[in-house]
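Below you'll find the structure, written out as structure tokens, and then a few comments.
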Amino acid sequence: MRIILFLILIAVFQRTQAQIKISTIDITHFWEAYDALPKSGDSVLIIRRLYLDRASEGMKDFIKARKLTAPEYVKLFQKFPKFWTSIRPNTLAVLEKQKELEEVFVKFKERYPNFKPPTICFAIGCMRTGGTTSSDQILIGTELASSDATTDASETSGWLKSVIGSIGNVVDMVAHEAVHTQQVYSRTFTKQQ
């Protein structure tokens with residue numbers, strides 16, 4: 001009986017250790033800013049104040065890593081209006097993915113006991129990345145990572161057109177990026193004489 005109780009406690013402990021911190025507030029802030037645009041004469045100011053200035057800690061890293069700016073967002077809204085309209089439901093569906101993401105991390109923890117669950121920040125980027133990492137954080141460009149066959153890519157071309165709709169599974173994207181947060185890189189520099 002004690003052995004069974006011990007095994008149950010270990011399983012509960014492992015599940016607890018695999019729990020993750022997920023931030024989706026930036027998705028909410030993005031759509032609040034986007035919805036305020038028609039009522040405003042200054043779109044850049046609205047995006048800056050209602051989205052970028054309210055950035056979560058993860059989004060602040062995303063802004064820095066990808067050099068995201070309010071003028072770039074406004075240009076993208078003007079250039080790809082069908083894309084933005086079509087991607088909204090997919091980005092909002094991410095808010096319901098917590099359980100699926102936790103299961104991925106539980107599996108990582110079962111296979112790799114030293115796995116350290118990273119923090120995940122879901123944000124809306126400038127259509128340049130589906131995901132990246134920053135130290136122990138996963139930064140997801142939800143507008144690309146959640147794109148699928150329902151996403152309107154008709155206004156795009158080249159690389160962007162090939163990416164939109166080809167990812168479509170944010171859980172897979174997070175699993176991929178989680179591997180990068182566990183990697184340890186060492187660099188050997190040689191001194192020039």
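For Asp148 and Gln78, calculate 0.36 nm times their separation in residues minus their Cα-Cα distance, and state this gained length in nm to one decimal.
Numbers: separation 70, 0.36 × 70 = 25.20 nm, distance 2.13 nm.
The span from Asp148 to Gln78 would gain 23.1 nm if fully extended.
Amide H to amide H under 5 Å from Asp148: which residues, 5+ apart in sequence or cross-chain, H placed 1.01 Å off N in plane?
For Asp148, the qualifying residues are Gly165.
What ranking do Asp148, Asp26 get, fewest neighbouring Cβ atoms within 10 angstrom at the top? If you can, show how the numbers build up before the last one.
Details: Asp148 15, Asp26 26.
Ordered by Cβ neighbours within 10 Å, fewest first: Asp148, Asp26.
For region 94-173, which GluC sites (Glu not before Pro) are in a loop by DSSP, counting at most 16 other Cβ atoms within 10 Å? Display every interim value, and only then the final one.
Details: sites: Glu96, Glu100, Glu102, Glu103, Glu110, Glu143, Glu155; in loops: Glu155.
Answer by residue number: Glu155.
Using label points projected 7 Å from each Cα along Cα→Cβ, tell me how many nm separate Glu32 and Lys99, to one decimal.
Modelled inter-label distance: 2.8 nm.
Give the separation of the Cα centroids, region 57-92 to region 126-159, in Å.
Rounded to whole Å, the Cα centres lie 9 Å apart.
Amide H of Ile120: which non-local residues (sequence gap of 5 or more, or other chain) have their own amide H closer than 5 Å, using H built in the peptide plane?
The list, which skips near neighbours in sequence, is Lys21, Ile22, Ser23, Ile138.
Going Cα to Cα from Lys21, which lysines come in below 29 Å? Please leave out same-chain ones fewer than 8 positions away.
Within the straight-line limit of under 29 Å, Lys21 reaches these lysines: Lys60, Lys64, Lys67, Lys97, Lys99, Lys107, Lys109, Lys116.
For region 125-141, list residues with backbone N below 15 Å from a point placed 7 Å from the Cα of Gln182 toward its Cβ?
136-138
What is the fewest-to-most order of Ile20, Ile87 by other Cβ atoms lying within 10 Å of their Cβ?
Listed from fewest to most nearby Cβ atoms, that is Ile20, Ile87.
All of the numbers you see were taken from the coordinates with simple rules; none came from a lab. In this text the structure is predicted, and so the values were computed from the model without any measurement. As a convention, Cβ positions derive from the backbone with ideal geometry for all residues, glycine included, and neighbour counts pool all protein chains shown.
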